[in-house]
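The values are calculated or read from the model by the stated rules, or taken from the named source; none is laboratory data. Predicted model, so just to flag it, every value in this text is computed and none were measured. Reconstructed Cβ throughout: ideal geometry from the backbone, glycine too, with neighbour counts over all protein chains shown.
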Amino acid sequence: MNLRSVEEIRPNVRVILRMDLDVPQGDNSRLLKSVPTIRYLLEQNCKIAIIGHKGRPIGREEKYSLRSVYVELMGILGEMDSIFLENFDEIPDNQVLFFENLRYWEGEEKNDNTFMQNLTGKYEAFVNDAFAVAHRRHASVMLCNIMDTYLGFSFVEETEKISKILENPERPLIVVLGGAKEDKLSYLPELVKVADKILVGGKLPKLISYQNDKIIVGKLREDTMDLSQETIADFVEIINSSKTIIWAGAMGCYEDKNCRIGTQAIAEAIALNTGFKIIAGGDTAASIESLGYKSRVDYVCSGGGVMLEFITKGTLPALE
């Protein structure tokens with residue numbers, strides 16, 4: 001895949017930078033992923049307008065404001081000529097502009113970039129470094145259709161890592177699906193073409209209707225908050241014999257420490273496996289991290305949905 005990296009951008013260009021700003025409290029890892037891209041643009045004497053989203057607000061809910069994320073990012077980057085802006089009405093000439101949560105405007109999810117036209121009219125290039133939303137046809141992602149576009153270093157790295165699975169994976173290849181988002185199940189018809197087995201946990205066993213011999217639906221405890229001991233043993237046995245593992249989503253209600261047994265058992269089995277392993281999702285990554293196994297995973301992807309979309313379709317709206 002021929003990716004147009006930010007390294008190809010001309011100096012002194014005014015750049016809109018789409019970042020993954022949906023950061024959990026106390027975890028700045030998503031910001032750190034984009035620091036090399038920001039520093040490179042600053043070295044090229046580019047002026048940067050940073051845009052992104054947080055959560056799924058209904059209107060302008062204060063808890064989803066990006067002001068604290070702006071403060072965190074500026075703390076990482078150090079002192080510079082930057083400003084936080086709550087709207088797109090006036091565009092000042094600072095070195096770095098950082099805009100409020102894009103999902104405060106209906107135009108973002110409706111893919112209507114007219115709400116950003118004051119910004120797009122003054123900036124010359126678009127750099128996408130938000131791989132986690134590359135499968136969304138939202139206005140900030142689809143700026144690639146109307147602007148000279150490049151990909152940030154983090155975006156390029158994630159694309160290349162996941163591409164390894166598409167090219168020539170070692171088999172057996174298994175997919176472990178969990179969490180609570182039902183939209184993961186929409187990928188099953190395509191996943192069965194890629195995977196040798198698909199293990200389904202989390203809340204998904206209660207929601208699944210699609211059937212295939214490759215799909216193994218986990219049995220849940222009586223309270224349905226975690227996998228049963230029988231299923232944990234079965235899943236671990238399958239993981240142990242696998243050569244490539246894709247994991248997206250916790251196996252139980254990970255927020256409750258009494259419901260982490262399944263997730264932690266699967267995390268340990270995956271970490272100890274010597275094959276190629278990619279994981280995605282907040283609880284998935286947290287379980288690997290808490291057990292001290294992060295270094296034993298080949299790659300931690302920004303998001304489960306985007307990873308599954310790329311694996312099953314071989315492309316993303318942000319790349320087309």
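Structure notes:
- Annotation: of all residues in the range 265-290 being hydrophobic (A, V, I, L, M, F, W, C) and at pLDDT below 85, the one that is surrounded by the fewest Cβ atoms within 10 Å (Cβ to Cβ) is ALA286.
- So ARG56, is it basic (Lys, Arg), in the same structural domain as THR149 (by TED's automatic domain parsing) and at pLDDT below 95: yes
- Test for VAL141: is it farther than 18 Å from ILE50 by Cα, surrounded by 20 or more Cβ atoms within 10 Å (Cβ to Cβ), modelled with pLDDT of 95 or more and under 21 Å from the mean Cα position of the chain (by Cα): no
- Test: residue in the range 248-256 that is at pLDDT 95 or above and of a type in the set (Ser, Thr, Tyr): no
- Filter result for ILE58 (more than 16 Å from LEU21 (Cα to Cα) and of a type in the set (Val, Ile, Thr)): yes
- Any hit, the range 282-289, residues being over 26 Å from ASN28 (Cβ atoms), assigned to a helix (DSSP H, G or I) and of a type in the set (Ser, Thr, Tyr): no
- Exclusive hit being in a helix (DSSP H, G or I) and either more than 20 Å from ALA139 (Cα to Cα) or free of Cβ contacts under 8 Å to residues at least 60 places away in the same chain (or both), set ILE38, ILE50, ILE58, ILE91: ILE38
- Qualifying residue in the range 45-53 (condition: at pLDDT 95 or above, touching a helix residue (DSSP H, G or I) at 6+ places or on another chain (Cβ under 7 Å) and of a type outside the set (A, V, I, L, M, F, W, C)): yes
- TYR293 vs. criteria surrounded by fewer than 19 Cβ atoms within 10 Å (Cβ to Cβ), touching a residue at least 24 places away in the same chain (Cβ under 8 Å), touching a Leu at 6+ places or on another chain (Cβ under 6 Å) and not polar (S, T, N, Q): no
- Taken together, ASP256, ASP283 contain a single residue that is touching a residue at least 60 places away in the same chain (Cβ under 8 Å), charged (D, E, K, R) and out of contact with any strand residue (DSSP E or B) (no Cβ under 9 Å at 6 or more places or on another chain), which is ASP283.
- Some residue of the range 114-125 being in contact with a Gly (Cβ under 8 Å, 6 or more places away or on another chain) and of a type outside the set (A, V, I, L, M): yes
- Subset of the range 140-188 [without any contact (Cβ under 8 Å) to a residue 40 or more places away in the chain, in a loop (DSSP other than H, G, I, E, B) and within 29 Å of ASP112 (Cβ to Cβ)]: ILE146
- Residues (surrounded by 13 or more Cβ atoms within 10 Å (Cβ to Cβ) and under 20 Å from LYS122 (Cα atoms)) located in the range 6-32: VAL6, ILE9, VAL13, ARG14, VAL15, ILE16, LEU17, ARG18, MET19
- Members of the range 211-226 that are closer than 26 Å to GLY314 by Cβ and either crowded, with 16+ Cβ neighbours inside 10 Å or at pLDDT 95 or above (or both): ASN212, ASP213, LYS214, ILE215, ILE216
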